[in-house]
Amino acid sequence: MIRGLTNAGLGNIESDEQYIIEAAKYGFGSVDLNPLSLIETYGKERAQHIVDSNQVIIGSSGLTVEWRTTDEQFREGLQSLVAMAEASASLNCYSCCTYILPSTDQPAAQFMAAATKRLRLCADILDAYGIKLGLEFVGCHHLRTQWKNPFIWRVEDTLDWIETIHAPNVGLLVDSYHWHTNGLPMEDLLKLKKEQIVHVHINDAYDLPIEQLKDGERLYPGEGVIDLKGFLTNLKVIGYNGVVAQEVLAPASEMDVEARFAKSKAGFEQVFADF
């Protein structure tokens, strides 16, 4: 498995170039970012050089289309999605991910019908460039009632929805925090097939009842109570060998960027000790 980072929990990074250089410096082999933004900032040749010279890959990009609101907003974003997909493929990034909020202000059935069509179209566009689309289920209890109507937060429901979307390049983004807040044993990872997993996030949780865990109050790997060694072991058993990217959504900290990268490295050294 490839040790990776998202920029969550890393503080105020000055640029994507600094992000990539620091990631490599601290032993990470992957970063999640927007390849189109990287190319627009530095040009294609320079962007490729920044990635290659630091021996870092782009693990995943975020889905740039607003698929949760109106048809008009969705259609407006499709052109940017094509541009992002082209940029991603040119920099050898073949994963794109988005999250599913577990409640919505829209009627749930109506929302699912519209979102299914939209995500299928996104998947078709991405597939033309060889890119997979990962859907992240969000387990946090407080978000299940944040909006009027409950939606999807369980892995099995997300897999059922993926079947309904019915596009061969759609799979899961598996996040250790959302696995934990769903109350799932790590052994249940063995029920998944590696082909169902597009991307993985890793982070840790406070020693609190799962009903009290907030989405924006996470810990660095190794600091909390999630069985991350079990998480990684079972991913390895099913044959997953892709990116495992740290995502620490947390309140602002006074630590500087270097300290945050060092802390990230220390956490990975702890939980990846046997791998």
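Here is a yes/no grid of residues against (1) of a type in the set (Ser, Thr, Tyr); (2) out of contact with any helix residue (DSSP H, G or I) (no Cβ under 9 Å at 6 or more places or on another chain); (3) at negative phi:
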residue	(1), (2), (3)
8	no, yes, yes
14	no, no, yes
20	no, no, yes
33	no, no, yes
44	no, no, yes
48	no, no, yes
64	yes, no, yes
71	no, no, yes
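Would you point out which residue out of 197, 210, 202 is more than 17 Å from residue 11 (Cβ to Cβ), more than 16 Å from the chain's Cα centre (by Cα) and aliphatic (A, V, I, L, M)?
210
Could you list, in sequence order, the residues of the range 151-177 that are within 18 Å of residue 214 (Cβ to Cβ), of a type outside the set (D, E, K, R) and either free of Cβ contacts under 8 Å to residues at least 12 places away in the same chain or touching a strand residue (DSSP E or B) at 6+ places or on another chain (Cβ under 6 Å) (or both)?
153, 176
Go through the range 25-41 and give me each residue that's crowded, with 17+ Cβ neighbours inside 10 Å and either out of contact with any strand residue (DSSP E or B) (no Cβ under 6 Å at 6 or more places or on another chain) or among the aliphatic types (A, V, I, L, M) (or both). Walk me through how you get there before you give the answer.
Taking the range 25-41 first, the residues crowded, with 17+ Cβ neighbours inside 10 Å are 26, 28-36, 38-39.
Selection gives 26, 31, 33, 36, 38, 39.
Which residues, taken from the range 171-226, are buried (at least 19 other Cβ atoms within 10 Å of the Cβ), among the small types (Gly, Ala, Ser) and in a loop (DSSP other than H, G, I, E, B)?
Across the range 171-226, the qualifying residues are 205, 222, 224.
Test of understanding: among 83, 108, which residue is surrounded by fewer than 18 Cβ atoms within 10 Å (Cβ to Cβ), touching a strand residue (DSSP E or B) at 6+ places or on another chain (Cβ under 9 Å) and either at pLDDT below 95 or of a type in the set (A, V, I, L, M, F, W, C) (or both)?
108
Quick check, is residue 253 of a type in the set (S, T, N, Q), surrounded by fewer than 13 Cβ atoms within 10 Å (Cβ to Cβ) and out of contact with any Gly (no Cβ under 6 Å at 6 or more places or on another chain)?
So residue 253 fits the description; yes.
When the range 50-60 is examined, which residues are found to be assigned to a loop (DSSP other than H, G, I, E, B) and on the phi < 0 side of the Ramachandran plot? Spell out the reasoning first.
Filtering the range 50-60 for residues assigned to a loop (DSSP other than H, G, I, E, B) gives 54-56, 59-60.
Of everything in the range 50-60, those that are assigned to a loop (DSSP other than H, G, I, E, B) and on the phi < 0 side of the Ramachandran plot turn out to be 54, 56, 59, 60.
Let me confirm something: among 248, 243, 237, which residue is surrounded by 15 or more Cβ atoms within 10 Å (Cβ to Cβ), touching a residue at least 40 places away in the same chain (Cβ under 8 Å) and out of contact with any His (no Cβ under 7 Å at 6 or more places or on another chain)?
Answer to the selection: 248.
The values are calculated or read from the model by the stated rules, or taken from the named source; none is laboratory data. Just so it is clear, the structure is predicted and the values come from calculations on it, not from any experiment. Glycine gets a Cβ as well: all are built from the backbone with ideal geometry, and neighbour counts include every protein chain shown.
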